[in-house]
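J.: Quick one: the structure is below, and I'll ask about it shortly.
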Amino acid sequence: MAMVRIKKAVPLTGQRLRLTLTDGRTLERDVGPLLVGPVFDPIRNDPSLFQQVRVEHGTVVWPGGVDLCPDVLIWDGPPPPTRNTE
């Protein structure tokens, strides 16, 4: 089974993103609470910088290489455990 990753990210109002996943689902996430620490200060404080979000290697990235964990974005925390079907 392939890992689900982010295929497309569209910035919305505030600090929300609409994420299209590799499995075809679309999610909306408020990422504001995840933008913690000095590395996120510019993104958190400059809406025009937040709007520059793009997708690289299955997750969201902003200028300067600042990114968020795709599992947290997709699953709203760690991914569910996989089941062994044997």
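The values are calculated or read from the model by the stated rules, or taken from the named source; none is laboratory data. Worth saying up front: this structure is predicted, and the values here are computed from it rather than measured. Cβ atoms come from the backbone with ideal geometry, glycine included; neighbour counts cover every protein chain shown. Remember, those area values only see protein heavy atoms, side chains included, never the ligands or the DNA or RNA. Shrake-Rupley method; radii C 1.70, N 1.55, O 1.52, S 1.80 Å.
J.: Could you grab the relative contact order for the chain? Cα pairs under 8 Å, six or more apart, rounded to a whole percent.
T.: Working: 120 pairs, mean separation 20.6, N = 86.
With pairs under 8 Å counted, the relative contact order is 24 percent.
J.: Return the long-range amide H neighbours of LYS7 (sequence gap of 5 or more, or a different chain), with a cut-off of under 5 Å between placed amide H atoms.
T.: For LYS7, whose amide H was placed from the backbone, the distant partners under 5 Å are THR20, LEU21, THR22.
J.: What list of ³J(HN,Hα) couplings, whole Hz, do you get for region 5-10 from phi and the Karplus terms 6.51, -1.76, 1.60, once you set θ to phi - 60° and write x for glycine and proline?
T.: Working through the residues one at a time gives 9, 8, 9, 8, 10, 10 Hz.
J.: Here is a further query. Taking DSSP loops as anything outside H, G, I, E and B, show the longest stretch in the chain free of trypsin sites (Lys or Arg not before Pro) there with at most 14 other beta carbons within 10 Å. Don't skip to the end; give the middle numbers.
T.: On the way: sites that count: ARG25, ARG83.
Here the longest segment lacking exposed loop sites spans 26-82.
J.: Would you please give the residues with an amide H less than 5 Å from that of LEU12, counting only those at least 5 places away or on a separate chain, with H modeled from the backbone geometry?
T.: LEU17, ARG18
J.: Report, largest value first, the span of the C-alpha coordinates of the chain along each principal axis, in whole Å.
T.: For the chain, the Cα extents along the three principal axes come out at 50, 24, 20 Å.
J.: Would you kindly derive the ³J(HN,Hα) couplings of region 35-51 from the backbone phi angles with the Karplus curve 6.51 cos²θ - 1.76 cosθ + 1.60 (θ = phi - 60°), listing them in order in whole Hz, with x for Gly and Pro?
T.: 8, 10, x, x, 5, 8, 3, x, 5, 5, 9, 10, x, 5, 6, 4, 5
J.: In square angstrom, rounded to the nearest 10, how much accessible surface does ILE43 have for a 1.4 Å probe?
T.: 0
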